[in-house]
1. Consider only pairs whose beta carbons are under 8 Å apart and that are at least six residues apart or on different chains; among these, list those whose first residue lies in the range 30-46 and is closer than 18 Å to L56 by Cβ and whose second residue is among the β-branched types (V, I, T) and at pLDDT below 95.
2. Considering only the range 96-134, how many residues are under 15 Å from the mean Cα position of the chain (by Cα), in contact (Cβ under 8 Å) with a residue 12 or more places away in the chain and not in a helix (DSSP H, G or I)?
3. Within the range 43-88, count every residue that is buried (at least 19 other Cβ atoms within 10 Å of the Cβ) and either of a type in the set (D, E, K, R) or not in a strand (DSSP E or B) (or both).
4. Among the residues of the range 8-15, is any open to solvent by less than 30 Å² (accessible area, probe 1.4 Å) and closer than 21 Å to W120 by Cβ?
5. Can you report the number of residues in the range 63-73 which are hydrophobic (A, V, I, L, M, F, W, C), farther than 12 Å from L19 by Cβ and touching a residue at least 24 places away in the same chain (Cβ under 8 Å)?
6. Could you check the range 17-27 and list, in sequence order, the residues that are part of a helix (DSSP H, G or I) and either under 15 Å from the mean Cα position of the chain (by Cα) or within 15 Å of A67 (Cα to Cα) (or both)?
7. Taking only pairs six or more apart or across chains, which ones have beta-carbon atoms under 6 Å, a first residue in the range 74-95 that is farther than 15 Å from A107 by Cα, and a second residue that is open to solvent by less than 30 Å² (accessible area, probe 1.4 Å) and among the hydroxyl-bearing types (S, T, Y)?
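The values are calculated or read from the model by the stated rules, or taken from the named source; none is laboratory data. As the structure is a prediction and not an experimental result, all values here were calculated from the model. With ideal geometry, Cβ positions are generated from the backbone for all residues, glycine too; neighbour counts draw on all protein chains shown. Surface areas here come from the heavy atoms of the whole protein model, side chains and all, with no ligands, DNA or RNA. Shrake-Rupley method; radii C 1.70, N 1.55, O 1.52, S 1.80 Å.
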Amino acid sequence: MTLVAAAEPADVDALAALLQELDTFYGETEVEPRDVRIRQINEALFDNPPVAYAVLAWEAEALVGLATYSFLWPAVGLTRSLYLKELYVAKAARGQGVGKLLMDRLAEVAVANSCSRIEWTTDRDNAQAQRFYESIGVAQNGNKIFYRLEGHLLPASAAK
């Protein structure tokens, strides 16, 4: 049975390992040392205030999936939205309903926090993710164009 629960500080080691698998999935060949990753996870999820939240899917003692999210404001009118940053299921657990359980938990979190919507993006070439979202009844929303300011352009823009 898969258990889905909010991330806790005791989960950081397992999170570091699963996030390394996620980086490899997205093509990263170099990852930060484990101690750096653990520090970054603690800062993001458990500082006061946290900059993000996570729900984790467990099969017995094994972490098999995660969903990380933040809240955005304003959404519709002056409501808020839950922004899903990352949904990842370990390769060994795919096709077993873990992603659906994580999405269901995010819907519960959104309702409990008076969100009017959940929003997310996926890479254009990630057909597997797109099929998954369509399988749970969510269609693509082509009304938005995604932008990203990063790399050397970020500090250059901040210096203006």
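1. R37/V31
2. Counting residues in the range 96-134 that are under 15 Å from the mean Cα position of the chain (by Cα), in contact (Cβ under 8 Å) with a residue 12 or more places away in the chain and not in a helix (DSSP H, G or I) gives 4.
3. Residues in the range 43-88 being buried (at least 19 other Cβ atoms within 10 Å of the Cβ) and either of a type in the set (D, E, K, R) or not in a strand (DSSP E or B) (or both): 1 in total.
4. yes
5. 4
6. Correct list: A17, L18, L19, Q20, E21, L22, D23, F25.
7. A75/S81
Each row is one residue, and each column tells you yes or no for (1) at pLDDT below 95; (2) under 17 Å from the mean Cα position of the chain (by Cα).
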{"site": "A6", "(1), (2)": "no, yes"}
{"site": "A10", "(1), (2)": "no, no"}
{"site": "L15", "(1), (2)": "no, yes"}
{"site": "T29", "(1), (2)": "yes, no"}
{"site": "I38", "(1), (2)": "no, yes"}
{"site": "F46", "(1), (2)": "no, yes"}
